[in-house]
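Everything below concerns the one structure shown next.
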Amino acid sequence: MAFVEDAFASNWLSTVGPNIDALEVEFESLTGRPAVAVSSGTAAIHLGLRLLGVGHGDEVFCSDLTFVAMCNPVLYLGAEPVLLDSDFATWNLDPNVLEDALRERAEKNKLPRALVVAHLYGGCADLDPILALCQDYGVPVLEDAAESLGSQYKDKPVGTFGDLGVFSLNGNKIITATGGGILLSSNASWIERARFWSQQARDTGAGYQHSELGYNYALSNVLAGIARGQLQVLNRRVAERRAVALRYQRAFEDLAGISPMPQPEWCLPTTWLSCFLINEQEFGASRDSLIRGLEEANIESRPVWKPMHLQPLYSDCERFGGAVAEELHRHGICLPSSSSLAEEDQLRVVNIVRGAVGASPLSRLGSRV
Ligand SMILES: Cc1ncc(COP(=O)(O)O)c(C=O)c1O
């Protein structure tokens, strides 16, 4: 509130102002990379792909399992996504599938202009093999860490490994500006360029002259104030989300056929959402019946993302891999995961899930978290 009030008091009710400048500096100190604040994560991806030279007729490799906002900017630029499957070990991009796809495209002399790799649900894609492969083939990498602000891959923040990284400050994320996005790169001149494009690409000088195509993608100084306040509680929010995830895991430990999204030892996840994979035969109930049971108690849960190749918009795209993303979508569930989820509310969720397979209700959740 103090940052927002300051924006009003100083009359910086605009897409320039001190909160924006400070937010960018704060993201740079958090990640070690120059950053530009923009109006959404989608806008940040759009700018990032343009920085990588993506244009008409290019191919861009993309994780198949993701939210549609990640791939849409590929279409904005007239390029074509090529969809790559996940693995069960991370639920994120399978490096083996990437290797096959790169080899096949190299043989055809048709390497993609870029790879966009998602870090879903506060987890991490296995970046080392992914980056090594892309380096071998000379393909730049944009990390879509929209859902994973605060997660670490081998002790470093995700979003800081590729040529570019993106975070989202949308209302549903671990911290929010109500809407907003951050684009990061170790290349400071790229960040300057993205900032220029995000502000309508107005040439320097007093005249309203424009030599390049720009966008109205700048973040509001008021919203940057919200983001600054939120950034101060990021660590607390991460701890709260992890506590929620741990309580679910303990509460389902004695049940067969319900397993949390894996957390490889090299990933320190935020568990932005607590997601589980249901093996219907072992569990004794289907994922859909769980969603319905929760719904009847006025509790919202969601399936894991619908992969892009199942979307009418992307069904014609070329695809590499098997049916992992599809399997995760059909049998994965995201349970209520808010940082502010009260223990008694979480206990209700837990007991509906347990009740669906006739397991005894718990009277309280694990107290050791
Ligand atoms: C994986 C992924 N990419 C991109 C986005 C887009 O971010 P935004 O909503 O800030 O545009 C989101 C979330 O909305 C997302 O989940």
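The values are calculated or read from the model by the stated rules, or taken from the named source; none is laboratory data. No experiment lies behind these values; they were computed from the predicted model shown. As a convention, Cβ positions derive from the backbone with ideal geometry for all residues, glycine included, and neighbour counts pool all protein chains shown. Please note that ligands, DNA and RNA were not included when accessible areas were found on the heavy atoms of the full protein model with its side chains. Shrake-Rupley method; radii C 1.70, N 1.55, O 1.52, S 1.80 Å.
Every residue, every condition in (1) within 13 Å of the ligand (Cβ to nearest atom); (2) within 23 Å of Ser338 (Cβ to Cβ), yes or no:
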{"residue": "Val139", "(1), (2)": "no, no"}
{"residue": "Asp155", "(1), (2)": "no, no"}
{"residue": "Gly165", "(1), (2)": "yes, no"}
{"residue": "Leu169", "(1), (2)": "yes, yes"}
Query raised in the report: Do we have any residue at all in the stretch 77-87 that's buried (at least 24 other Cβ atoms within 10 Å of the Cβ) and closer than 24 Å to Val244 by Cβ?
Result: yes
Report task. Go through (1) within 16 Å of the ligand (Cβ to nearest atom); (2) open to solvent by 10 Å² or more (accessible area, probe 1.4 Å); (3) hydroxyl-bearing (Ser, Thr, Tyr) one by one and return the number of the condition Ser148 breaks. Result -> (2)
Query - Verdict on Thr90 being under 30 Å from Leu223 (Cβ atoms), in a loop (DSSP other than H, G, I, E, B) and within 16 Å of the ligand (Cβ to nearest atom) - result: no
Query raised in the report: Could you list, in sequence order, the residues of the stretch 108-129 that are of a type outside the set (Phe, Trp, Tyr) and within 16 Å of the ligand (Cβ to nearest atom)?
Result: Ala114, Leu115, Val116, Val117, Ala118, His119, Leu120, Gly122, Gly123, Cys124, Ala125, Leu127
Query - Which listed residue is open to solvent by 50 Å² or more (accessible area, probe 1.4 Å), charged (D, E, K, R) and modelled with pLDDT of 95 or more, from Arg247, Arg236, Arg241 - result: Arg236
Query raised in the report: Pairs under 6 Å by beta carbon, first residue assigned to a loop (DSSP other than H, G, I, E, B) and small (Gly, Ala, Ser) in the stretch 135-158, partner surrounded by fewer than 21 Cβ atoms within 10 Å (Cβ to Cβ) and modelled with pLDDT of 95 or more, six or more apart or different chains?
Result: Gly150/Leu234
Report task. List the number of the failed condition for Gly207; all other conditions in (1) open to solvent by less than 50 Å² (accessible area, probe 1.4 Å); (2) modelled with pLDDT of 95 or more hold. Result -> (2)
Query raised in the report: Is there any pair linking a residue in the stretch 294-319 that is open to solvent by 90 Å² or more (accessible area, probe 1.4 Å) to one that is in a strand (DSSP E or B) and of a type outside the set (Lys, Arg), with Cβ under 6 Å and at least six apart or on different chains, and which?
Result: Arg302/Cys334; Arg319/Leu83
Requested in this report: With the condition kept exactly as written, say whether any residue in the stretch 8-24 is within 16 Å of the ligand (Cβ to nearest atom), at pLDDT 95 or above and of a type in the set (D, E, K, R).
Outcome: no
Report summary line: Restricted to the stretch 38-59 and to residues being outside any helix (DSSP H, G or I) and closer than 25 Å to Leu219 by Cβ, the residue nearest to the ligand (Cβ to nearest atom) is Ser40
